[in-house]
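Below is one structure, written out as structure tokens; the observations come after it.
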Amino acid sequence: MPPFKDEQIIIIAPGSETTVAQLGLPESFTPAKTRVRSRMFPAEKEGEWEPYKVRRKQSAEKPTGDQNGAADGEESKNVSSEQEEIIYEEDRISEEGAVWPIREGRIVNWSCFFALITHVYNTMNPPFHTPILLITQPAWTPREHEKLTQFFFEKFKTPAFSLMDSALATSWAFGVHTATVVDVGKDKVDITAISEFVPHVQGRVISLPGCGGEALTQGLLSLLKAKGFNRDMLPNSKKQKATFIYEDHALLDNLKNMNLGEKGLAEAHAALDEGPSKKAQDGTEEEVREGGEGSGAPGAKSGGIRREIEVGVERFQAASNGTLEKIADAVHRCVSSVDEVNKRSELWDSLIVCGNGSRLRGFKDALQATLQAKYVISPSSATIFTSEIPSNISTPAGTGANTPQPQSAPHGGSSQVNPLLLAATTAQNPHLMHPGANPILQGMNSHNQHSSHGQTPTSIKLVKPPEYFPEWKEPGYDEAAFLGAQVAAKVIFVVDQGQNKGYMTRPDYNDQGPTAIHDYSL
Amino acid sequence: MASTNAPAAEYAGDEVSAIVLDPGFSTIRAGFAGEDVPKSVCPSFFGYTDAESDSKSQFLFGENAIHTPQANLQIKNYWGSDGIVEDWDAATKVWEYAITSRLTSTKPSNPLQNGLNEGSNGNGDTMDVDIENVEQAEKPLEDSPLLMTEPGWNSSKAREKCIEIAMEEWGAPAFYLQKTGVLAAFASGKASGIIIDIGASHTSVTPVLDGMVLRKGVQKSPLAGNFVSNQIRMLFKQSQPEIPLTPHYTVKSKVQVDAGAPSQATYKTFDLPPTDSFRRLEEERVLTEFKESVVEVWPGPQRFNMGPSEEIAKNQPGRPFEMPDGWNQVFTADRFRVAEGLFDASAALVDSDNPRPKDEHTISRLVQAAVQQVDADHRPMLLGNVVVTGGSSLLYKLNERLTQEINTIYPSTRNKLIAPGSVVERKYAAWIGGSILASLGSFHQLWISKKEYEEHGASIVEKRCR
Ligand SMILES: Nc1ncnc2c1ncn2[C@@H]1O[C@H](COP(=O)(O)OP(=O)(O)OP(=O)(O)O)[C@@H](O)[C@H]1O
Ligand SMILES: [Mg+2]
């Protein structure tokens, strides 16, 4: 097989709300170029799906009442035979009747899901011979991975395929081998502890329901609504200020028509670091929202515009309605379930909060503040008093002649350090990672020991975002999994070219079948 | 996942790895044979909400569901106090959850809309495979053989129940049952040895000879992790002043206070406080942390209550512990005391709910009783292969003490403890042994096929799984 080139590689990352994808790895990695709302519409024929809402156009009649204002978003196309003159129209804006195949990260409608993937694939219009890297949600089970593998090989005849866990991909993007990844999605949160590039699957918090961006937004909106949103709400102290941003798909058109003017936009811009799309001043917020909630404008429900409100950290905590605490408790559960107690400290010091649900500005700070307030073990008089205790020094636990040796697994499997990752982070490929992020070798010996340890956490820190990827600065690293996927795709498909079984080839698939995917993926 | 109509050039095999299920009192371990760790580790505790006037009663499974305070949420466990499953209904559901939520799929997909049968709109061509046919989609284990573990003292009735669940409810094509002791030995690469498993509800000692359990030698006792948890509870209660055991969910925010000073935390208020069983589960999280970071087994050479031990212990640097509400203290001699009962019944803390343990229940006495049942010829060999597993064997310095105790009882044999250095191997030893067994080419000679089950009924398990 000829080697793969950067421009041939496809990456697809399905999400409950948005599926992002890209054909080709650019020289400098960029955020995903293809973005598709993760929903399809039932086609006329049962079991088939269309990417846009399609209606049979009743030519003689006026458009239905509730479609006002959506007309300019409609495209008509003639898909029927000439004689009958039945006109179907695609409504590219309406999401009425849409089916969302991924709910809380789980694939709940496979037919629709496969149709969505096919749509995304076709949108990119790929040439022949494109290897595919699929970013998997933590909620997908190994058997589901096999099902996906079968689909990609048999539907797209892909020459090479690999799966990468989204949390792992995020850690690749940040260039760290150990991290606690908190991925805040639409309706759920996933929390994964990763040590030396291996996710701890046992205590992983998968799809914690009711904790996503949706819940946070609702909490804040109802708070704002109850209080009557106005400028007095903003805390005086600048330090306390946190900004709340949410995407308002409903009001894109209204806003366009509002004509905020140069000045308004510029002012809003000044208050922002994140959020590349159009912004409006918070003063307009209420009015804007009211319009959006009426059922009168279902046609306006796509597009999306980033809205911004500023609230204090405390208010944020109150508004989250227990959501922050629920997430914080789950982080604690996740780290505490890492069997190797000596790894927990480092996991607490390497928190990554990602996912578009965490875009609400101030959220990351508020989560960190909540975690610190509840879980950090204070350096109390007791701790100081006994500070001579080496709480982070491992003591071998075995006794007698058989001092335990770190052993590799008896029979293969997945919990070993992937040589690819080592390669990616060591001198062999220095261009792939930002410098200074190579402490992997130090940490590796501690892998298999158990010992007595002090309580954790004694500190909680967020990992600094990578500075190596200029195109990611502006939009932020909430979709860092996609960045990590690009790094990984480069490593497995281009640099390594299969030497370390970083992907499954079509002949591999034909020989071994979909269950073998676990021996290949990252 | 057999592809029935796949073109000849494409993969058409039906090699499906077995699923290994290792249910314990605290967690259920499940995963695919051939892998080195169980991918699914789920709590054996489950939530139950009582039927209120308008709603139905409901079962809740998995970590996410059982740790959220909720007024009417009760926490239960399906195990009986004798180490045999008591609530079979719940057990079936929890086990199924452990398998489907993280291994197979949460909802058996409806073949009418699983998408693999239809072409999709995109480029119009239809899929050339028919991956699942209708019958296949319904039961959770339709295509996976199942290896299940059981404690050495399981009843025949319970064993038959296991095969019934696997065959009838889950539709497994093949089933095998093996004792945790044998599997743990297997994981250490031993066909013979004495397996000491210190879990949550029970400690067991199992003599295994050439891959067979010596049934009359199997010993069990309730002196295990839960016992140590209760010792810690009593230590807290009996302290002056009493040490309040506050789980995380009761605390809103904590304030740093001096060692031993009362907490100044702000506590949460609940309109309807969560149930006692919920509180107990959450307290257990704190106790586990205490075990991990404070408790230490007195390593000997003398018992803790004898000679200068306690004096020595007092002069060692203590270990600090902070409660979720900020209360903190340094623990010195007490951190040894709470584990001492495992080896010395007379040293155990007692109160009206927790009577003095029986002497014959200490780990040392269990080993002695087990070895007693073994042919004298075999004893030296077994004592040279003492395998230590179970979550509570991770108690700091436990192995030192165990070595000490065994050497005191058997001064003239060459005793050797085999304790995997990796925490994972220690905690999941029985599962790992099962994973090895079920991935062997000869596994299909061991298992009971569906056909055999249909022919002979559930009682076949007594004949075939020894
Ligand atoms: N690091 C540790 N130090 C001390 N005790 C621990 C540690 N980690 C876990 N435990 C204890 O181990 C117990 C769980 O062990 P394990 O998983 O072997 O039990 P199980 O198989 O579920 O229960 P059983 O064998 O009784 O059915 C719990 O009591 C827990 O508190
Ligand atoms: Mg056990």
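The values are calculated or read from the model by the stated rules, or taken from the named source; none is laboratory data. Remember, it's a predicted structure, so these values are computed and weren't measured experimentally. Cβ placement follows ideal geometry from the backbone for every residue including glycine, while neighbour counts extend to all protein chains displayed. All accessible areas refer to the heavy atoms of the entire protein, side chains included, with ligands and DNA or RNA removed. Shrake-Rupley method; radii C 1.70, N 1.55, O 1.52, S 1.80 Å.
Numbers at a glance
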read-out	value
Interchain or long-range residues, amide H under 5 Å from B:TYR396's placed H	B:VAL297
Nonlocal amide H pairs with B:GLN74, under 5 Å, H built at 1.01 Å	B:TYR48, B:THR49, B:ASP50
With all protein chains modelled, accessible area of B:SER156 [1.4 Å, Å²]	60
Modelled FRET efficiency - R0 45 Å, B:SER57 with B:SER346, Cβ distances, 0.05 increments	0.50
For residues of A:372-379, the mean tally of beta carbons on other chains within 10 Å	5
Chain B: C-alpha gyration tensor shape, a/c 1.5 cut-off, then a/b vs b/c	oblate
Accessible surface buried once A binds B (1.4 Å probe; total of both sides; Å²)	7300
Cut-off under 5 Å, modelled amide H: who pairs with B:LYS268 long-range	B:VAL251, B:LYS252
Averaged over B:422-432, number of beta-carbon atoms from partner chains that fall within 10 Å	5
Accessible area in the full protein assembly, largest first, 1.4 Å probe, for B:LYS93, B:LYS39	B:LYS93, B:LYS39
Helix-only CD estimate at 222 nm, as mean residue ellipticity for chain B, using -39500 (n - 2.57) per DSSP H run (n ≥ 4)	-8500 deg cm²/dmol
Backbone HN-Hα couplings from phi across the stretch A:35-45 [Karplus 6.51/-1.76/1.60, Hz, Gly and Pro as x]	10, 10, 5, 7, 8, 9, 10, x, 7, 4, 7
Modelled FRET efficiency - R0 22 Å, B:THR413 with B:LYS358, Cβ distances, 0.05 increments	0.25
Hz values of 3J(HN,Hα) by residue in the stretch A:495-504 - Karplus curve (6.51, -1.76, 1.60), Gly and Pro given as x	6, 7, 6, x, 4, 9, 6, x, 8, 9
The stretch B:225-341 shape via C-alpha gyration tensor axes, a/c threshold 1.5	prolate
Nearest-ten-degree value, helix B:429-439 long axis tilted from longest Cα axis of chain B	20
Of all accessible heavy-atom area on chain B, the percent that carbon and sulfur account for (1.4 Å)	49
Percent RCO, i.e. relative contact order, over the stretch B:225-341, from Cα pairs under 8 Å lying at least 6 residues apart	33
Extension reserve of the B:SER155-B:SER449 stretch, reckoned as 0.36 nm per residue once the Cα distance is removed	103.7 nm
Efficiency of FRET between B:ASN305 and B:ALA191 - r from beta-carbon atoms, R0 60 angstrom, step 0.05	0.95
Peptide-level mean, for A:195-202, of C-beta atoms on other protein chains within 10 Å	3
Nearest 10 degrees, 0 to 90: helix B:225-238 Cα axis against chain B principal axis	40
Projected label distance in nm at A:LYS473 and B:ASP87, using a 7 Å step from Cα toward the beta-carbon	5.8
Cα-based shape type of the stretch A:452-522, given that a ≥ b ≥ c are square roots of the gyration tensor eigenvalues and the cut on a/c is 1.5	oblate
In sequence order, calculated HN-Hα J values of the stretch A:457-464 (Karplus, 6.51, -1.76, 1.60; Hz; x Gly/Pro)	x, 9, 7, 9, 10, 8, 6, 5
